[in-house]
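A.B. asks: Let me begin by handing over the structure; questions about it come next.
The values are calculated or read from the model by the stated rules, or taken from the named source; none is laboratory data. In this text the structure is predicted, and so the values were computed from the model without any measurement. Backbone-built Cβ (ideal geometry, glycine too); neighbour counts: all protein chains shown.
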Amino acid sequence: VLQGHVHNYQRTYPLIYNNENPSNPTIVQSAVLDNGNEVKTEDRYVDSPGTIFAIVGTGGRELHELNDQSYFTIQQLEEYGFLELKVTNDGKNLVGKFYANDGLIKDDFIIEKSVDKNLDGKKISNNGTPNLNAISYSEKM
């Protein structure tokens, strides 16, 4: 989930809703296996059932101060910059890199899906081009 209203950069671990304590989401994946890529081991999420939230409010306005860090936040920065997102590996990976204005990469992560998914029996194409016709608006209603 991408957000930008807060003027700083924050990224969470993969999270799921905590029914017993809604104010404290549950981290569902905090470590993964290293596969030899340049991304740090703890920043590769493979088939995670959780949602990663990225707040990228780092352009234009005065930055909001970060006084502490929540237990479910893996990275946070008070720097101007931008988040680059790329879809790779025939649509199975989402690669994110946060670049500070000086050009240095301050955060990087990969969200990886190992298999194609089906939705209501309709195969979603994973050949590098999303099959946007797999689910039409009328089928959702």
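Results for (1) crowded, with 17+ Cβ neighbours inside 10 Å; (2) touching a strand residue (DSSP E or B) at 6+ places or on another chain (Cβ under 7 Å); (3) at pLDDT 90 or above; (4) not basic (Lys, Arg), shown as yes or no for each residue.
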site	(1), (2), (3), (4)
Tyr17	no, no, yes, yes
Thr58	yes, yes, yes, yes
Tyr71	no, no, yes, yes
Phe82	no, yes, yes, yes
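A.B. asks: Being aliphatic (A, V, I, L, M) and either free of Cβ contacts under 8 Å to residues at least 12 places away in the same chain or surrounded by fewer than 17 Cβ atoms within 10 Å (Cβ to Cβ) (or both) narrows it down to one residue among Ala100, Ala54; which is it?
C.D. replies: Working: Ala54 fails: either free of Cβ contacts under 8 Å to residues at least 12 places away in the same chain or surrounded by fewer than 17 Cβ atoms within 10 Å (Cβ to Cβ) (or both).
Answer to the selection: Ala100.
Let's see how each residue does on (1) touching a residue at least 12 places away in the same chain (Cβ under 8 Å); (2) touching a Gly at 6+ places or on another chain (Cβ under 6 Å); (3) loosely packed, with under 12 Cβ neighbours inside 10 Å; (4) over 15 Å from Leu2 (Cβ atoms):
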position: Asp68; (1), (2), (3), (4): no, no, yes, yes
position: Lys92; (1), (2), (3), (4): yes, no, no, yes
position: Gly96; (1), (2), (3), (4): yes, no, no, no
position: Leu104; (1), (2), (3), (4): no, no, yes, yes
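A.B. asks: Another question, then. Give me the pairs, please: first residue somewhere in the stretch 1-17 and closer than 14 Å to Glu79 by Cα, second residue anywhere and of a type in the set (Lys, Arg) and surrounded by fewer than 17 Cβ atoms within 10 Å (Cβ to Cβ), beta-carbon distance under 7 Å, and either six or more positions apart or on two chains.
C.D. replies: Every condition considered, the pairs that remain are His7/Arg61.
Table: residues versus (1) modelled with pLDDT of 95 or more; (2) of a type outside the set (S, T, N, Q); (3) more than 16 Å from Thr12 (Cα to Cα).
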site	(1), (2), (3)
Lys86	yes, yes, yes
Lys92	no, yes, yes
Gly103	yes, yes, yes
Ser114	no, no, yes
Leu119	no, yes, yes
Asn131	no, no, yes
